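Before any comments, here is the structure.
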Amino acid sequence: MERHEQIEKSVLGSMLTENYLIVDGAVKQDFFLSHIHKNIFGCMQALLAKGRPVDFVTLLTMMEPAALGGANYLAELTHFANPTKFDRYVDMMCEAWKNRVKNRILIQAKEEDWEIGMIQQAFEELEKEGNAGIETNISMDLMKMGERPYEEVQHTPGVPTGLNDLDKLLDGFQPAELIIIAARPSMGKTDTLNHFALHAGLAGYKPIIFSLEMSRTSMIDRFIAITGGYNRLRMRNPYTHFTEKQKSNWLPTLGRLSEANIHIDDRAGLTVSQMRAAARRIMHTEPKLKPILFIDYLQIIRGDTPSHNRTEVVGQISSELKQIAKEFNCPVVCLSQLNRSVETRDNKRPVMSDLRDSGNIEQDADVIGFLYRDDYYDKETDRPGLLEIQIAKHRNGPTGTATVGYVKETGILHNIDWTRERMA
């Protein structure tokens, strides 16, 4: 009982801290066991319906303090707030509520001598009620499609990658898809992620980056280098190494980068649950902008439960990332390391079996792309400055390779004019 009370306090405290959770959480008043908590949640809903802020002061205007546990009780609820575990706690409350209702059904069935069929029907109705708001029947969807053959298709591409050949393959990053970009170290993974994030932001989307390895300051410097075309070595001391032209272009570069509306969370050792909570909070600051999530990188995401089997943990993480993509209906682009077997082959181009701690990555991902640079392995190559993005898996479209230009000094990826290349 005490544990359940703590869970209810955490859910209410999280709602007080982040008011959008009152609606987002799909919580019902019946989920609460405590009568005081039922009253508090009911007052929260009433305040939100009136467009008023929800805090312990406004709650006290809705009902007698004693019915809400008292002013001190309300004020202390925020101490239990834990938005990261909010979804898990709501699920636990829902399951506990279902079990209470099932027990009442069984008691009533025994007293009234119900048939087995009646008990089963009552349990089925309970499950439907617990999943209220989730539409499963496709009849309405089919009705809306009645005129589809007679209407011109309004094509809506996904989030642009800023690379023409890649957009031809993927049609942009699609909503609800998990995209894995994998490569060996120093191949250009983070620069590729930054390129995608910058172009998504400038196209009007909201890039949310979880940089688990690199600091926020380092990431910002990389974005400035890409946006302004600055050599990253010179950026270590711009006062000494910048030309006057580069210095005069500094403020316009910062202004353009600001337009991309990029968000960076550089906390180390995050779990998927923590990323979900952070992303949801950021999304609610500007709900009109469609989000796209970027994660650097998969193998250093911390599992929710400790385990010595890293393959199982990574498999669970990839599954949870796919769930986030579906839940938020946005693309989730996650970097991944490859194992060392690439280095032992004559042909260094990656294949699926090179995915490190692969687990369910290949199964969960909608798109898997491998990065490869010839000039990383062969300094005398006749293909310097080229980056191959090989789409090895594409659940809803073609596979293939997009070859783009890559300037390592600045981190810039760019399209190649192949006509001009052939003439050179």
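Using the charge dipole of the chain (Lys, Arg: +1 at Cβ; Asp, Glu: -1 at Cβ; taken about the Cα centre), state which of Leu251, Met140, Phe173 has its Cα farthest towards the positive end.
Toward the positive end, the furthest listed residue is Leu251.
From the C-alpha coordinates alone, can you work out the Kirkwood hydrodynamic radius of segment 257-403, in Å?
On the way: mean 1/r = 0.0582 Å⁻¹.
The answer is 17.2 Å.
Going through segment 1-76, which trypsin sites (Lys or Arg not before Pro) have at most 12 other Cβ atoms within 10 Å and a DSSP loop state?
Values: sites: Arg3, Lys9, Lys28, Lys38, Lys50; in loops: Lys28, Lys50.
In loop regions of segment 1-76 (DSSP not H, G, I, E or B), the sparsely surrounded trypsin sites (Lys or Arg not before Pro) are Lys50.
What's the percent breakdown of Cα-Cα distances in segment 1-63 across 10 Å bins, shortest bin first?
Cα pair-distance distribution for segment 1-63, in percent: 22, 60, 17, 1.
Have a look at Phe210, Phe223, Leu335 and report the one farthest towards the positive end of the charge dipole of the chain, computed about the Cα centre with Cβ charges (Lys/Arg +1, Asp/Glu -1).
Phe223
If Lys and Arg each add +1 and Asp and Glu each add -1, what is the summed charge of the other residues whose beta carbon sits under 9 Å from the beta carbon of Lys393? Before the final figure, lay out each step's value.
Working: positive: Arg395; negative: Glu362, Asp366.
Charge balance in the 9 Å sphere: -1.
Starting from the alpha-carbon convex hull of segment 142-262, give the projected area averaged over all orientations, in nm². Kindly include the intermediate steps, with their values, before the conclusion.
Numbers: hull surface 43.0 nm².
That works out to 10.7 nm², a quarter of the Cα hull's surface.
Using unit Cβ charges (K, R positive; D, E negative) and no other charged atoms, how large, in debye to the nearest 20, is the dipole of the chain about its Cα centre? Walk me through the intermediate numbers first.
Details: 51 positive and 58 negative charges, 289 e Å.
Here the chain has a charge dipole of around 1400 debye.
For the cross-link pairs Lys28/Lys288; Lys144/Lys326; Lys28/Lys322; Lys168/Lys288; Lys189/Lys379; Lys247/Lys408, which exceed 24 Å when the distance is taken from alpha carbon to alpha carbon?
Details: Lys28/Lys288 27 Å; Lys144/Lys326 22 Å; Lys28/Lys322 27 Å; Lys168/Lys288 27 Å; Lys189/Lys379 20 Å; Lys247/Lys408 21 Å.
Violating the 24 Å Cα-Cα cut-off are Lys28/Lys288; Lys28/Lys322; Lys168/Lys288.
For segment 82-103 and segment 16-39, what is the separation of their C-alpha centers, rounded to whole Å?
11 Å
Roughly how big is segment 219-339's charge dipole about its Cα centre, with Cβ charges of +1 (Lys, Arg) and -1 (Asp, Glu), in debye to the nearest 20?
On the way: 17 positive and 11 negative charges, 58 e Å.
It comes to approximately 280 debye.
So, R0 is 60 Å and r is the distance between the beta-carbons of Ala96 and His414; what FRET efficiency does that work out to, to 0.05? Kindly include the intermediate steps, with their values, before the conclusion.
On the way: r = 55 Å, r/R0 = 0.92.
Efficiency computed from Cβ-Cβ geometry: 0.60.
For a quick check: sort Cys43, Cys334, Cys94 by the number of other beta carbons within 10 angstrom, fewest at the front. Could the numbers behind the result be given before it?
Numbers: Cys43 20, Cys334 25, Cys94 17.
The order, fewest Cβ neighbours first, is Cys94, Cys43, Cys334.
Report, in debye and to the nearest 20, how large the dipole of segment 16-106 comes out about its Cα centre when Lys and Arg carry +1 and Asp and Glu carry -1 on their Cβ.
On the way: 10 positive and 9 negative charges, 78 e Å.
Approximately 380 debye in magnitude.
Of His155, His37, how do they rank once you tally other Cβ atoms within 10 Å and put the fewest first? Walk me through the numbers before you get to the answer.
Values: His155 6, His37 21.
Fewest-to-most ranking of His155, His37: His155, His37.
Hey, can you rank 369-380, 337-348 by average C-beta count inside 10 Å, highest first?
Put in order of decreasing packing, that is 369-380, 337-348.
Compute the long axis of helix 189-202 from its Cα atoms, compare it with the longest principal axis of the Cα atoms of the chain, and write down the angle in degrees, 0 to 90, nearest 10.
That works out to roughly 70 degrees.
Nearest 5 is fine: what % of DSSP beta bridges in the chain come out antiparallel, could you say? Mind showing how you got there, number by number?
Numbers: 17 of 40 bridges.
Antiparallel bridges: around 45 percent, rounded to the nearest 5.
Place +1 on the Cβ of every Lys and Arg and -1 on the Cβ of every Asp and Glu in segment 2-130, take the dipole about the Cα centre, and give the residue among Cys94, Leu74, His37 whose Cα lies farthest towards its positive end.
The one lying farthest along the dipole's positive direction is Leu74.
So for segment 164-423, Kirkwood radius off the Cα pairs, Stokes-Einstein at 10 °C and 1.306 mPa s: how many µm² s⁻¹? Don't skip to the end; give the middle numbers.
On the way: Rh = 19.1 Å.
Value of D from the Cα-based Kirkwood radius: 83 µm²/s.
Which of Ile301, Ile107, Ile264 has the fewest other C-beta atoms within 10 Å, and how do the rest follow up to the most? Don't skip to the end; give the middle numbers.
Values: Ile301 23, Ile107 10, Ile264 18.
In order of increasing Cβ crowding within 10 Å: Ile107, Ile264, Ile301.
Applying the Karplus parametrisation 6.51 cos²θ - 1.76 cosθ + 1.60 with θ = phi - 60° to the phi angles of segment 99-116, what ³J(HN,Hα) value in whole Hz is obtained for each residue in order, glycine and proline being reported as x?
After applying 6.51 cos²θ - 1.76 cosθ + 1.60, I find 5, 5, 5, 4, 4, 5, 5, 5, 5, 5, 5, 5, 5, 9, 6, 5, 7, 4 Hz.
Taken together, the values in this text are just the output of simple stated rules run on the coordinates, not laboratory data. Worth saying up front: this structure is predicted, and the values here are computed from it rather than measured. Using ideal geometry, Cβ is built from the backbone for each residue, glycine included, and neighbour counts are taken over all protein chains shown.
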